[in-house]
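Working notes, beginning with the structure itself.
Values in this text are rule-based calculations from the coordinates and carry no lab data. Bear in mind the structure is a predicted one, so any value in this text is a computation, not a measurement. Note that each Cβ is placed from the backbone with ideal geometry, even for glycine, and that neighbours are counted across all protein chains shown.
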Amino acid sequence: MVDYIGTARLQELVQRKGCGRFIEELAAEIEADYRRWDDFEKSARHASHSSGGVIELMPTSDGRLYSFKYVNGHPQNTARNLLTVTAFGVLADVATGYPLLLSEMTFVTALRTAAVSALAACRMARPDSRVMALIGNGAQSEFQAIAFHRMAGVRHLRLFDTDPLATAKLVRNLATLRLPDLKVTRCASAAEAVRGADIVTTVTADKRNATILDAGMIEPGMHLNAVGGDCPGKTELHADILRMKDIRIVVEFEPQARIEGEIQQLEVQGLREAQVLREEQRPREASSRVIELADVLRGRLPGRVNEREVTLFDSVGFALNDFSSLRYLQRLNAEQPGGEQIDLIPDLEDPKDLFAGLGLGQVPVRRRRFA
Ligand SMILES: NC(=O)c1ccc[n+]([C@@H]2O[C@H](COP(=O)([O-])OP(=O)(O)OC[C@H]3O[C@@H](n4cnc5c(N)ncnc54)[C@H](O)[C@@H]3O)[C@@H](O)[C@H]2O)c1
């Protein structure tokens, strides 16, 4: 039997824990795994692109446990009343290859993405950051708001979405949380939301090289949390931001970020420019412009060196984030009463007699009942 967490069970687990605490515990779990980065098998995810979106498989293993997540990204789905991002995942035992847990990961993806964003911001944003612009107010946005309020000291959100109904929904949902120390302001444009913000989170969905932020909008000392650009040809920042002199760019897993992150724009716009970034990165010095989150979380490289530096967390979502989430869920599920199992794998008396497991030799149950 395999442990099973469906959407109803996931709701139950998050409700019992509280969303903010759930995200914070998840962030601690993810950080612990990033600190043992070298233990993991790492690869860029396998992506199957189509005109409307992408379907991706994201595997990793630490030699003891293996996980993968199935996830899609279809920005036009909401027009059909469907989610842009859905997901499920599996945690398995490397010693036997048997799956241990099958879990919903649509909610979990939003929770873990927010956890990783806030974790990065705790190391990269100025410690006195209180104001965050949140651009893109769709499915992921509440989770980002809660994580930054809980973990990164954000006390004022400045919201913008091209769809005013999405912003209204976010305002409504945040109101139900009754956070007396969180001020929320609706803005008429991305530029207005960004003005004066300490942190800027972009979490929009559009299958193109969009310009949600341009270099003129960026103020010294800002931390940018770019979440929505996560596929080839799907970005949110103008390339000039990436070329700014004083910018520190942190990615989850560099080979994947070069394909899918904001930094893909430097790759495609000229071999020489990409080469400069690679050369800078090779010695892994404090001056490197593109560095990996694991090096920041392990204390090998700083997330920020001064008050005026612009920092960018170029998030695309890495398999390790999901591995940690599945392991956290497995533990939480076992601790809380009401967990379920499903018969995903045959349970046989003789493992060499798979055929008998189909029960073809027995009288079918239906016939017996009506004979
Ligand atoms: N980095 C990661 O780990 C990670 C994880 C999950 C989702 N994502 C990405 O985050 C994005 C958002 O996901 P979601 O589930 O919230 O999608 P969603 O479709 O529910 O919400 C996206 C919102 O962006 C808004 N938007 C689109 N273009 C805009 C623009 N130019 N300015 C302002 N708002 C704009 C839309 O109106 C919509 O409300 C997607 O692109 C998704 O692929 C990344």
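Some points to look at:
- For the chain, the calculated P(r) over all alpha carbon pairs, in 20 Å bins from 0 to the bin holding the longest distance, is 28, 55, 13, 3, 0 percent.
- Measure of compaction for segment 200-262 (Cα Rg per 2.2 N^0.38 Å): 1.05
- Cα-Cα over 27 Å, subset of Lys69/Lys234; Lys169/Lys245; Lys183/Lys245; Lys17/Lys69; Lys69/Lys352; Lys17/Lys207: Lys169/Lys245; Lys183/Lys245; Lys69/Lys352; Lys17/Lys207
- Ellipsoid equivalent to segment 76-194 - semi-axes via the Cα gyration tensor, in Å: 30, 20, 12
- Helix runs (DSSP H) in the chain reaching 18 Å along axis by Cα, Kyte-Doolittle at least -1.0: 19-34, 106-124, 164-176, 319-335
- Antiparallel beta bridges, as assigned by DSSP with both residues in segment 67-170, represent about 65 percent of the total such bridges.
- Percent of beta bridges antiparallel (DSSP, segment 1-110, rounded to nearest 5): 90 percent
- Relative protection proxy for 162-174, 141-153, 336-348, 21-33, from highest mean packing down: 141-153, 21-33, 162-174, 336-348 (other beta-carbon atoms within 10 angstrom).
- For the pair segment 230-252 and segment 150-190, the centres of their Cα atoms are 25 angstrom apart.
- Ratio Rg/Rh [Cα only; Rh per Kirkwood] for segment 133-223: 0.94
- A simple spin-label model places the labels of Ser48 and Leu348 2.8 nm from each other, with each point 7 Å out along Cα-to-Cβ.
- Ellipticity estimate at 222 nm from DSSP helix runs (n ≥ 4, -39,500 (n - 2.57)) divided over the chain, nearest 500: -10500 deg cm²/dmol
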